[in-house]
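Chemist: Below you will find the structure I want to go over with you.
The values are calculated or read from the model by the stated rules, or taken from the named source; none is laboratory data. Quick caveat: nothing in here was measured; it's all calculated off a predicted structure. Every residue, glycine among them, receives a Cβ derived from its backbone with ideal geometry; neighbour counts consider all protein chains shown. With ligands, DNA and RNA removed, areas are computed over all heavy atoms of the protein, side chains included. Shrake-Rupley method; radii C 1.70, N 1.55, O 1.52, S 1.80 Å.
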Amino acid sequence: MENPLQLKCLNHISLVCRSVEKSVDFYQNILGFFPVKRPGSFNFSGAWLFNYGIGIHLLQSDNPDSMPKIGGINPKNNHISFQCESMALLEKKLKELNIEYVTSGVEEGGIRVDQLFFHDPNGYMIELCNCDILPVTPLPVDSIQSSCSLTNRNVRRQRQQEQQVQLQVQKIEHVLWRN
């Protein structure tokens with residue numbers, strides 16, 4: 001797959017907060033992030049946290065009272081998701097902390113992914129799941145919806161790339177089976 005912008009990875013997300021202090025407490029003590037140095041040249045309140053290979057930048061709202069009210073927990077709303085090791089442990093911990101949550105799940109090919117959704121102090125949705133058990137499978141070009149405006153050249157390029165990946169996989173499998 002092409003990488004025209006030469007991207008390497010997701011670096012951080014920024015969240016506008018009602019209270020940076022409450023948000024730091026939540027992300028640090030509930031989700032396990034730790035504070036990291038934030039450039040002193042910023043002229044607004046905030047905090048930077050890091051863990052799991054991603055940063056969370058918390059920005060103090062200029063008008064916390066005008067921020068949207070925290071609504072019900074809807075798994076189809078925007079959210080950030082973290083993979084976890086034990087859904088049962090998470091659910092027990094959230095109950096102990098009196099954090100309201102909703103459970104859900106998705107099944108594909110006999111694999112069940114369990115999901116747990118809740119809000120941070122600002123109303124941002126958090127998902128915790130065992131999503132890593134679900135394989136990431138690239139879609140074949142033919143399954144791309146016709147509403148996508150891919151040019152014939154892009155389709156040919158993508159097919160060539162898929163064929164190259166398949167050949168590489170076959171070579172790796174051949175080497176593994178030989179050993």
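Chemist: Suppose the filter is farther than 23 Å from ILE133 by Cα and surrounded by fewer than 16 Cβ atoms within 10 Å (Cβ to Cβ); does LEU97 pass it?
Modeler: In short, yes.
Chemist: Which condition from (1) touching a strand residue (DSSP E or B) at 6+ places or on another chain (Cβ under 8 Å); (2) surrounded by fewer than 16 Cβ atoms within 10 Å (Cβ to Cβ); (3) under 14 Å from VAL16 (Cβ atoms) is the one that TYR52 breaks?
Modeler: (3)
Chemist: Limited to the stretch 5-49, what total is found for residues that are touching a residue at least 60 places away in the same chain (Cβ under 8 Å) and open to solvent by less than 80 Å² (accessible area, probe 1.4 Å)?
Modeler: Of the residues in the stretch 5-49, 11 are touching a residue at least 60 places away in the same chain (Cβ under 8 Å) and open to solvent by less than 80 Å² (accessible area, probe 1.4 Å).
Chemist: With the condition kept exactly as written, say whether any residue in the stretch 61-84 is within 18 Å of LEU128 (Cα to Cα) and free of Cβ contacts under 8 Å to residues at least 40 places away in the same chain.
Modeler: Within the stretch 61-84, one or more residues are within 18 Å of LEU128 (Cα to Cα) and free of Cβ contacts under 8 Å to residues at least 40 places away in the same chain.
Chemist: Then there is this: May I ask you to list the residues in the stretch 100-122 that are under 24 Å from ASP65 (Cα atoms) and loosely packed, with under 15 Cβ neighbours inside 10 Å?
Modeler: Selection gives GLU100 alone.
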